[in-house]
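FYI, it's all coordinate maths here, none of it is from the lab. As the structure is a prediction and not an experimental result, all values here were calculated from the model. Here the Cβ positions follow ideal geometry from the backbone for every residue, glycine too, while neighbour counts run over all protein chains shown.
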Amino acid sequence: MNRPHMHALAPELETFAAEPYYQPVGHELELFAAAAKKKLPVLLKGPTGCGKTRFVEYMAWKLGRPLVTVACHDDLTSADLVGRYLLAGEETVWLDGPLTAAVRAGAICYLDEVVEARKDTTVVIHPLTDTRRVLPVEKRGELVRAPDDFLLVVSYNPGYQSVLKELKQSTRQRFVALDFDYPPAELEAAIVARETGIDGGLAAQLVKLAGLTRNLKGQGLDEGASTRLLVHAGHLIAAGVAPRDACQAAIGRALSDDGDAVASVDDLIRAVF
């Protein structure tokens, strides 16, 4: 019988040669850097598309650490995070999951929308979020100790999740929490212009439209237009699409499938453009 061994392949560690574009809004850069220095896990709270992922990419570049990103979902199992044995021909090989690979490499591991994962899955991160800083790999009988450079970062959208998908207090209180929101209007317009190449006036109109849709949250819309959607619309406009058509495709239809809600957003688009 062949002895199981480590597989040569492992989840890819992302590194950034060029500086990712990120515009700070408050003191998030300093707080994140201080938490990383003191090996404290970080929780990012804020609406979808407000820049949380870009922020983590920027901080990975700034701190010079590789990044492993996991998009959490309902079917994410602990084996998906930690690793599993696989058959390769006549051999049994072990493949590290993204969390284990990040721990071994001293990387930043970013679990995006962590509350979307099953509750029995998120428990595996607990030993990494206290003074033990270890990851038990039970299937291998191994205890992986996190080097000083390893940092666990998770995010979620507290305004969107249902009661069943709230972050448990036993998990929440293990983290330093940073609040994120959409930037102030002038800064958001500058970001949209920088990301898409459209002029400042058009970017300001997109931001004005976004503000109007955000006022409809809970009144027909689950979420207002995110900065990400504004960037999508800006890219379409930069490609020659008429602003109204770009906004309808990238914002109105992306926000909702409900006919009344889409019609309300279309009215706002016509009012702004």
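Label zone (Ala33, point 7 Å along Cα-to-C-beta; backbone nitrogen cut-off 20 Å) within region 52-68: 52-67. Residue separation of Arg270 and Gln219 scaled by 0.36 nm, minus their Cα-Cα distance, works out to 16.4 nm of gained length.
Structure remark: mean-square fluctuation, Gaussian network model of the chain, C-alpha springs under 10 Å; the largest value among Ala34, Ala233, Ala88 belongs to Ala88. Computed from backbone phi, the HN-Hα couplings of region 225-233 come to 5, 8, 4, 4, 5, 5, 5, 4, 4 Hz, rounded to whole numbers (Karplus: 6.51 cos²θ - 1.76 cosθ + 1.60, θ = phi - 60°; Gly and Pro given as x). Sequence-ordered 3J(HN,Hα) estimates for region 130-145 from the Karplus curve with 6.51, -1.76 and 1.60 and θ = phi - 60° stand at 10, 5, 5, 6, 10, 10, x, 10, 4, 5, 9, x, 10, 10, 8, 8 Hz, glycine and proline given as x. Taking the C-alpha atoms only, the angle from helix 52-63 to the longest principal axis of the chain is near 60 degrees. Note on region 5-179: Rg/Rh from Cα positions, Kirkwood definition for Rh, rounded to two decimals, is 0.96.
I'd like the distance between the alpha-carbon centres of region 209-273 and region 62-95, rounded to an integer number of Å. Taking the Cα centre of region 62-95 as reference, the centre of region 209-273 is 37 Å away.
Debye sum, Cα scatterers, region 185-272, no solvent: what log₁₀ I/I(0) at q = 0.21, 0.23, 0.24 1/Å? The calculated log intensity ratios at q = 0.21, 0.23, 0.24 Å⁻¹ are -0.89, -1.06, -1.14. For Val241 and Ala17, a Förster radius of 25 Å and the Cβ-Cβ distance give a FRET efficiency of 0.20, rounded to the nearest 0.05.
Restricting attention to region 5-179, the count of lysine pairs at 8 or more positions apart or across chains with alpha carbons under 22 Å apart stands at 18.
Averaging 1/r over each pair of different alpha-carbon atoms in region 97-183 and inverting the result gives 13.9 Å, the Kirkwood hydrodynamic radius.
Amide hydrogen proximity for Ala88: with H placed 1.01 Å from N in the peptide plane, the residues at 5 or more positions away or on another chain lying under 5 Å are Val93. Around the amide H of Leu151, modelled in the peptide plane, lie the amide H atoms of Ala107, Ile108, Cys109, all under 5 Å away and 5 or more residues distant in sequence or on another chain. Bridges between two residues of the chain, per DSSP, are antiparallel at a rate of about 35%. Extension gain, His73 to Arg140: 0.36 nm times the residue separation minus the Cα-Cα distance gives 21.6 nm.
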